[in-house]
1. Between A:S32, A:S171, A:S162, find the one with the highest GNM mean-square fluctuation for chain A; connect C-alpha pairs within less than 10 Å.
2. Pick from B:Q92, B:Q131, B:Q78: which residue has the top mean-square fluctuation in a GNM of chain B where Cα pairs under 10 Å get a spring?
3. What FRET efficiency comes out for A:H89 versus A:T167 if R0 is 56 angstrom and r is the Cβ-Cβ distance? Round to the nearest 0.05.
4. From the cross-link list A:K150/B:K43; B:K138/B:K164; B:K6/B:K164; B:K82/B:K103; B:K6/B:K191, which pairs have alpha carbons spaced over 28 Å apart?
5. How high is the relative contact order of region B:24-163? Use alpha-carbon pairs under 8 Å, at least six apart in sequence, and give a whole percent.
6. Rounded to the nearest 500, what is the 222 nm mean residue ellipticity of the protein assembly as shown from helices alone, with -39500 (n - 2.57) per DSSP H run of 4+ residues and division by all residues?
7. Just to be sure I understand the rule: take each whole DSSP H helix in chain A, project its Cα atoms onto its long axis, keep it if the span is 27 Å or more and its mean Kyte-Doolittle hydropathy is at least -1.0. Which ones pass?
8. Identify the trypsin sites (Lys or Arg not before Pro) of region B:1-81 meeting these criteria: DSSP loop state and at most 16 other C-beta atoms within 10 Å of the C-beta.
Amino acid sequence: MAAGLSSEDFTNLQLLLKAPSKDAVRDVCVQSHRAVSQRLTENTAATFSIPAAQAAQLIQSLHTLSHHVLFYNLTSPEQILAVFPESFHSSLKNLITKILLENSPAWRTEALSRQVSLPQLKELDWRVDLVTGSDSVSRMAVPTCLVQLKMEDPCPSAVGDSISTVTVELSRESLDTILDGLGRIRDQLSAVAGK
Amino acid sequence: MLHFAKDVLPDSVSADFQNLNKFNEQQYKRLIEILFQFLLDPKETDRFMRQLTEFAGEHGISAGPLRNLMKSVLLVPQGALKKNLTAEQVKQDLLTLGLNEEKAAHFSSQWGENYAALSRLAVGQTLMVNQLVDMEWKFGVTVGTSEIQKVGNVFLQLKLVVRKGNSTENVFMELTLAQFYNFLHEMERAKASMECFA
């Protein structure tokens, strides 16, 4: 969520100056983006030799910062640098900016793939059968199509399975109707793209 | 040896066909007309019964025995449809059952005329599993999310209505543009495959 950044956040961020290495800064930035957890707090406190309470605040502020950059799609160094107050430690500011720029594309892709959505179509398989007999007619030759759709719910409920499968049977007429509909969608999409 | 049925038929059936011979040409043709009307619209059992009752009244015969007679007669076209019999085979069976030449010929010519429509009907009643009955869709652009203020991705949402037994089930899904084009491509391939059997 894109919460605003406060001066307190920037005070917390300066705790990064206690990092043993640039890699440690990178690690905590990346991990805090995903989630703020107890384990991360403990590890950070240990790595940076700071009290757990301060580690927790640092992680929270990093999380807020990285999500702010993601939400407003700040993609240039100038845009990100402008977020920091004038008084902020210059080298640290540059390092954080660099880390945020490096990871933003991946974070954006991940956010898009996990956005609120209906179950996403993941896989589509089909087969065409020739029905040669049934209880109503002993000899026939009627083609029919079975389509299997595998969908993944990006936000599954705790109980539910995230992957669901649906198999539908289509007569030739149904398939023609579907293709008709899909064709119209394609035409409409082209019209929109053309604008 | 009958074409339309393997099992031995009850004696009453043979008696019913003998009785069918007793109707004059006009009456017989009307009964056959009623019969085929029913075969082409098998859900209209009430209408079938009503027409037989009316016929019985018009010609001073009892409705009950007439209905039973027609139920026996129905066995022939129903069996013939299952076995894809020709008009000639149907005629042979009717003669074997004791129907006279003229009446058998009339029946088999009606069979020939209506065969295509009756076949289509029978095929249409063939079991379909999870039949797709309807598809609805909408597409649009995602303009923003709680994580990203400005987005510009096209999404497509599909609702498939699937018949499950006596009721229907709705299946909702979302596709990206790439997935949509893949879906379209695959359905075109499936259609091409089906056309091989045309």
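Quick note: the coordinates plus some simple rules give every number you see, no bench work behind them. Computed from a prediction, not measured in an experiment: that's the story for all the values here. Cβ placement follows ideal geometry from the backbone for every residue including glycine, while neighbour counts extend to all protein chains displayed.
1. Of A:S32, A:S171, A:S162, the most mobile in the Gaussian network model is A:S171.
2. B:Q131
3. On the way: r = 60 Å, r/R0 = 1.07.
That gives a FRET efficiency of 0.40.
4. Values: A:K150/B:K43 37 Å; B:K138/B:K164 24 Å; B:K6/B:K164 34 Å; B:K82/B:K103 22 Å; B:K6/B:K191 39 Å.
Listed pairs above 28 Å: A:K150/B:K43; B:K6/B:K164; B:K6/B:K191.
5. Numbers: 106 pairs, mean separation 23.0, N = 140.
Rounded, it is 16 percent for region B:24-163.
6. The per-residue figure over the protein assembly as shown is -18000 deg cm²/dmol.
7. In chain A, the long hydrophobic H runs are A:52-71, A:90-113, A:172-194.
8. On the way: sites: B:K6, B:K22, B:K29, B:R30, B:K43, B:R47, B:R50, B:R67, B:K71; in loops: B:K6, B:K22, B:K43.
In loop regions of region B:1-81 (DSSP not H, G, I, E or B), the sparsely surrounded trypsin sites (Lys or Arg not before Pro) are B:K6, B:K22, B:K43.
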